[in-house]
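To keep things clear, I will list the structure first and then write my remarks on it.
The values are calculated or read from the model by the stated rules, or taken from the named source; none is laboratory data. It should be emphasised that the depicted structure is a prediction, and the values quoted were computed from it without experimental measurement. Because the Cβ atoms are built from the backbone with ideal geometry, glycine has one as well, and the counts that use them run over all protein chains shown.
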Amino acid sequence: MERELQDQQDKITRAENIMNSKLAKVQQKRIVLDESNAHISALELDIQNNLNKTLKTCIFNLVQEFPEMQAIIDAVFQEKNVTVPSKQPSSVGVPSVRSSVRSASSQGRR
């Protein structure tokens, strides 16, 4: 469990480093960022998806490590109308299809 938490922390650190690098490029090129930008919306979607996947992975691993907690976790999430994952989600950090397609199409225009 501790190794998995460290893996998740490493992924977060890598994502923050990538974000800082990209932000530096944006600032260097003096690109105006505002919330109406489609790329920003896609990035926010990816961030939310990664947070959800990380939470689901932690819950899944917790239940795998401590099966006796399954009933407690199920009760809490049932009360909140949230589905507990039956299998581990796909990797965190994988961009959404929409942002990948946009990125690929914008790279083709260069």
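Brief remarks on what is shown
- Identity of the residue in region 25-60, basic (Lys, Arg) and closer than 25 Å to residue 9 by Cα, that ends up modelled with the highest pLDDT: 25
- Hits in region 22-79 (condition: under 21 Å from residue 2 (Cβ atoms), touching a residue at least 12 places away in the same chain (Cβ under 8 Å) and not polar (S, T, N, Q)): 53, 56, 58, 59, 60, 62, 63, 65, 73
- Positions within region 40-56 being crowded, with 16+ Cβ neighbours inside 10 Å and either within 11 Å of the chain's Cα centre (by Cα) or not in a helix (DSSP H, G or I) (or both), in sequence order: 43, 46, 49, 50, 53, 54, 56
- Looking only at region 76-99, and only at residues there that are loosely packed, with under 10 Cβ neighbours inside 10 Å and in a helix (DSSP H, G or I), the one that is modelled with the highest pLDDT: 79
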